[in-house]
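The values are calculated or read from the model by the stated rules, or taken from the named source; none is laboratory data. Values in this document were obtained by computation on a predicted structure and should not be read as measured data. Don't worry about glycine lacking a Cβ; one is built from the backbone with ideal geometry, like all the others, and counts go over all protein chains shown. Surface accessibility is based on the protein's heavy atoms, side chains included, excluding ligands, DNA and RNA. Shrake-Rupley method; radii C 1.70, N 1.55, O 1.52, S 1.80 Å.
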Amino acid sequence: MSTGTRPALTRLVRNVPRVAVAAAAALALTACGGGDDKSAKPAADSTAKAGTESGAFPVTVEHKYGSTTVDTEPKKIVTLGLSDQDAVLALGVKPVGAVDWFKEDPYGKWPWAEEKWGGAKPEIVGERDEYNIEKIAALKPDLVIAQYSGMKKEQYDTLSKFTKVVAQPKDHPDYGAPWQVMTQQIGKALGKDAETEKLIADVDARFKAARDKHPEYARMTIAVADSFEAGKYSAFTKTDPKAIFFNELGFKLKPEIDSMAKPGWNVAELSAEKLNVLDVDRLVWVTSSTEANDRIKAEPLYKKLKVNQEKRDLFVPYQDPDIGAAFSFNTVLSIPYALDQIEPLLADIK
């Protein structure tokens, strides 16, 4: 798999395309209410494993667009958040449908999720926040989950006509809710509160162990950045999963990066002249190719930064190995893998 594959979310929160849900609504409802069409059956069975808590249902989950009551244990689940499938898989359920993020099949690839998927293949029902309503309806889901998403109200209303929908968490910007909150929302909808809290506690313990092992992180500032073309750089804000990951690892984020970002954006766009904001104690570049690394290192203004001169910068690939992807997902399933991969790399910086 090429290391040049570009992750799709770097600038996703800026201009999320709006799907034409109104035109698809009638077709979606028809597909949902039709007969036993074999061609409409999902490629994977999402029947939950034993573990749903006794008396868990009905449950009511509050979200951005109100609240949704799930009356009985959902058997067929479609995930529309870019990383929602991870928490569902961690709770023992294989979604029958999912969206694509990295422009690659979201099953059987990522090392933290490969075993959970097994041989199952979910139907791809969209890319990022553009959903194929007809495909979703044809799967006849009991529940649609959209946590790490930018789902619009009209999309929610259309889907709600034929299935239960738990939209993104309220009181948080789209793509800005903590992974713990999104996991709790998913766990509640699946009737697995206790199991969910155990999963979250285990990951929190992993973070704490890393902080205890490296108390020096608490005295250090960190920034996470990327660059896809010459002269243009992106520094991730405190609401981006990558920055959240390193903050939970113990590092301090730099507020100036947030102040430089446009409202609602998960990155601050920087010209070469603004690279001085990245002169921090530890700088993590999450890049898509060795060519990008070489280009960044060759930038004259970057060469002047102490973080570069003192070799306190770290270049991490998104994929192959999938380190950057793991903390870009930043889920209850991917975080342990990300910690295992990143801790030795940080330890090499003196």
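Just to confirm a number: summing +1 for Lys and Arg and -1 for Asp and Glu over residues other than A209 whose beta-carbon lies under 13 angstrom from that of A209, what do you get?
-2
Give a quick list of trypsin sites (Lys or Arg not before Pro) in the stretch 271-341 that DSSP marks as loop, anything other than H, G, I, E or B, with at most 14 other Cβ atoms within 10 Å.
K304, K311
Just subtract the alpha-carbon distance of Q309 and K238 from 0.36 nm times their residue separation and send over the number in nm, one decimal.
23.0 nm
For the residue pair E115 and D71, what label-to-label distance in nm results when each label sits 7 Å from Cα along the Cα-to-beta-carbon direction?
Distance between label points: 3.9 nm.
So which trypsin sites (Lys or Arg not before Pro) in the stretch 180-250 are both in a DSSP loop and have at most 15 other Cβ atoms within 10 Å of their Cβ?
Those that pass, being in a loop and sparsely packed, are K238.
Whole-Hz ³J(HN,Hα) for each residue in the stretch 81-93, computed from phi via Karplus 6.51 cos²θ - 1.76 cosθ + 1.60 with θ = phi - 60°, x for glycine and proline: what do you get?
Each residue of the stretch 81-93 in turn: x, 4, 10, 4, 4, 5, 5, 5, 4, 4, 8, x, 10 Hz.
Find the all-direction average of the projected area of the Cα convex hull for the stretch 162-300, expressing the result in square nanometres with one decimal place.
11.2
Please give the FRET efficiency for R295 paired with T60, using the beta carbon to beta carbon distance and R0 = 51 Å, rounded to the nearest 0.05.
According to the calculation, E is roughly 0.50.
Could you work out how far apart the two model spin labels at A201 and K153 are, taking each label as a point 7 Å from the Cα in the direction of the beta carbon, and quote it in nm?
4.0
I'd like the distance separating the alpha-carbon centroids of the stretch 299-323 and the stretch 79-150, in whole Å.
33
Note down the Stokes-Einstein diffusion coefficient of the stretch 265-337 in µm²/s, whole number, using a Kirkwood radius over alpha carbon pairs, 20 °C, and 1.002 mPa s.
Here the translational diffusion coefficient equals 159 µm²/s.
Could you list the GluC sites (Glu not before Pro) in the stretch 65-170 that lie in coil according to DSSP, counting only those with at most 16 other Cβ atoms within 10 Å of their Cβ?
Within the stretch 65-170, the qualifying GluC sites (Glu not before Pro) (loop, at most 16 other Cβ atoms within 10 Å) are E104.
Heavy atoms only, probe 1.4 Å: what % of the accessible area of the stretch 54-188 goes to carbon and sulfur, would you let me know?
So the carbon and sulfur contribution to the accessible surface is 43 percent.
Need one number: nm distance between label points at R219 and K252, each 7 Å from Cα along Cα→Cβ, rounded to one decimal.
Placing both labels 7 Å along Cα→Cβ, they lie 1.2 nm apart.
Using the reciprocal of the averaged 1/r over all distinct C-alpha pairs, how large is the Kirkwood radius of the stretch 209-264 in Å?
By the Kirkwood definition, the hydrodynamic radius is 12.2 Å.
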